[in-house]
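Comments concern the structure below.
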Protein chains: 2
Amino acid sequence: MYSPHSRLGWNRRARGGDELKTENFLRGRRGIQLAVPERQALELGLSEPRLAPARQTLIRRGENVSQSTLLVAGYVGRYMEDREGERQLVALHLPGDFVDLHAFPLQHLDHDVVAISDVAVATISHAALTAITAELPHLTRMLWFSTLLDAAMHREWIFRLGRLDGPGRVAHLMCETALRLAAIGIGDGREFPLPINQGDIAAACGLTNVHVSRVLKSLRDTNLLAVQGNQVTLLDPAALRRIGEFDPQYLYLHDGVSTP
Amino acid sequence: MYSPHSRLGWNRRARGGDELKTENFLRGRRGIQLAVPERQALELGLSEPRLAPARQTLIRRGENVSQSTLLVAGYVGRYMEDREGERQLVALHLPGDFVDLHAFPLQHLDHDVVAISDVAVATISHAALTAITAELPHLTRMLWFSTLLDAAMHREWIFRLGRLDGPGRVAHLMCETALRLAAIGIGDGREFPLPINQGDIAAACGLTNVHVSRVLKSLRDTNLLAVQGNQVTLLDPAALRRIGEFDPQYLYLHDGVSTP
DNA sequence: CGCCCTGTTGACTTACGTCAAAACTAGTGG
DNA sequence: CCACTAGTTTTGACGTAAGTCAACAGGGCG
């Protein structure tokens, strides 16, 4: 039987009742803290988290949306499709990310939002966000900031696709994901859980799954990277950063973050 | 002698004295209009435009910035460099674009900003922007909106690099540029001035200039696209949109815009 | 057990990169 | 007006990374 609750460890956490939906929001980034009333305004506006199974499409391209989605647990991807239905991943979201905050000003989405793992998501209405922008300028700037982080990652992905070869693209993706996850307390920056398959990596890196298989094999054979099941291990982080030309500046993590 | 004034037609326009620096800001997008006090707040905060020659680097990656730049006339590119100094263009900016508004929340840039043609740029201090976000929520949302348009274009560029071949990438770039320029009254959506060389196209499309030359030749030979000197002509817009898998929805142009 | 999904491997094709030379263009100065 | 230069663009020959097609191997699960 399908039971996302247990897979997410959700029962345990939700049962406490005092768990914050926004606990990971902007966590570890630039040391920015939200003031208590700001966090309260967000928490009050957010719905109770709902659960969705892996592979479910949460929002479809073009839909008119009147609310935005905060990812509380699990992984979400944003995809664009070409004419043949081949998917290009344009963003990978981790717990604490606002997945489609940009839909608040833009009002509709130019891509699909898909659950990669089982997920828990909370929503906030655009009316509530309008109220926040009217009353809480600093929080508004922080929300703005979080969409700009997405844009900075978009740029890095453009670079990845435009200037790196297969192994470089995969290395870059894994370096980025390792650091982002470490910033929210998942993994140690070297080893982390990532429930995606080679097709997802291919969709992220602009490669075919056959080629991703070969690239992963070569990274494995040279003791740089291990992807087994849902566990990713950066065996040689320095080498991966070199071939992925990875410089984490664009992630705006605060200074103290571990970068093994 | 270097004279950007005349090349930009700047003398004529500046001489009037009543010309608006923000005249193209968000023009043609979603039919959004700024209220008079909003436009005034922007205009008051903006410096007198200054001129810079083509190829000048306006802002360097990593610099701490305390002001943001509005492009008044000319073309500007945002570039990231790989280890060998090869450039990847991550954004192309047209008159009316805020080139680095994202530096207001982010505080530094993860890429270089370079003049592609001779340009005129005005700046606004981040202090002035902070005041705007404190007092003018609607204008703040519009500024936010404009950075989200950039992000939407970033996503489309990711798609372009990840899923299209050489001719498709060039076609997509030219379709996008044609529409964006038409929206601010430059060209008719079929033919427009674009003072870039094949190296710039290569930097935008993740190709080498040699290959761009071949791609342009093939598009020329099949009567799809002509790039001669600084003039670009979409000879067969429908075909170009097809091979570039171009759907202008993401540009959020208002309905009435011409799409030949 | 048998199915489906994901990953692996091999043989072959192709788009694009690399290197290098030549043609063309525009600007400069005699 | 022509010669000189520097920056583009074009063309050719050749190499290579990645795509395609297809068969097969493993694993998890009903």
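Taking Cα centre as origin and charging only the Cβ of basic (Lys, Arg, +1) and acidic (Asp, Glu, -1) residues, the dipole magnitude of region B:165-251 rounds to 140 debye.
Based on the alpha-carbon gyration tensor of the protein assembly as shown and its eigenvalue square roots a ≥ b ≥ c, which shape applies: rounded if a/c is under 1.5, prolate if not and a/b is larger than b/c, or oblate? Verdict is oblate for the protein assembly as shown. In a simple Cβ point-charge model (Lys, Arg +1; Asp, Glu -1; nothing else charged), region B:54-140 has a dipole of about 80 debye relative to its Cα centre.
With a 10 Å cut-off around each Cβ of A:162-174, the average count of Cβ atoms from other chains is 3.
With its label point put 7 Å out from Cα toward Cβ, B:Glu191 sits 6.6 nm from the same residue's point in the other copies, in order from shortest. Inter-chain neighbour count for B:79-90: the average number of beta-carbon atoms from partner chains within 10 Å of each residue's beta-carbon is 4.
Take A:Leu20, push a point 7 Å out from Cα through the beta-carbon direction, and compare it with the same point in every other copy: 4.3 nm, smallest first. Structural size metrics of region A:36-157, computed from C-alpha coordinates, are Rg and Dmax of 14.2, 48 Å. Per residue of A:141-148, other chain Cβ atoms within 10 Å of the residue Cβ number 6 on average. Using only the Cα atoms of region B:165-251, build the gyration tensor, take square roots of its eigenvalues as a ≥ b ≥ c, and label the shape rounded, prolate or oblate: rounded if a/c is under 1.5, else prolate if a/b is larger than b/c, else oblate. Note, shape of region B:165-251 comes out rounded. Annotation for A:Leu44, label-to-label distances across the other copies: 3.2 nm (shortest first, one decimal, point 7 Å from Cα along Cα→Cβ). Counting only Cβ charges, +1 for Lys and Arg and -1 for Asp and Glu, the dipole size of chain A around its Cα centre is about 340 debye. Near B:Glu84, once Lys and Arg are set to +1 and Asp and Glu to -1 for all other residues with Cβ below 14 Å from its Cβ, the sum equals -1. Along the axis of the charge dipole computed for the protein assembly as shown (Cβ charges of +1 for Lys and Arg, -1 for Asp and Glu, origin at the Cα centre), the listed residues B:Ala91, B:Gly229, A:Tyr79 are led at the positive end by B:Gly229.
Here, each number is a calculation from the coordinates, and none is a lab measurement. Owing to the predicted nature of the structure, the values given are computational and were not obtained by experimental measurement. Because the Cβ atoms are built from the backbone with ideal geometry, glycine has one as well, and the counts that use them run over all protein chains shown.
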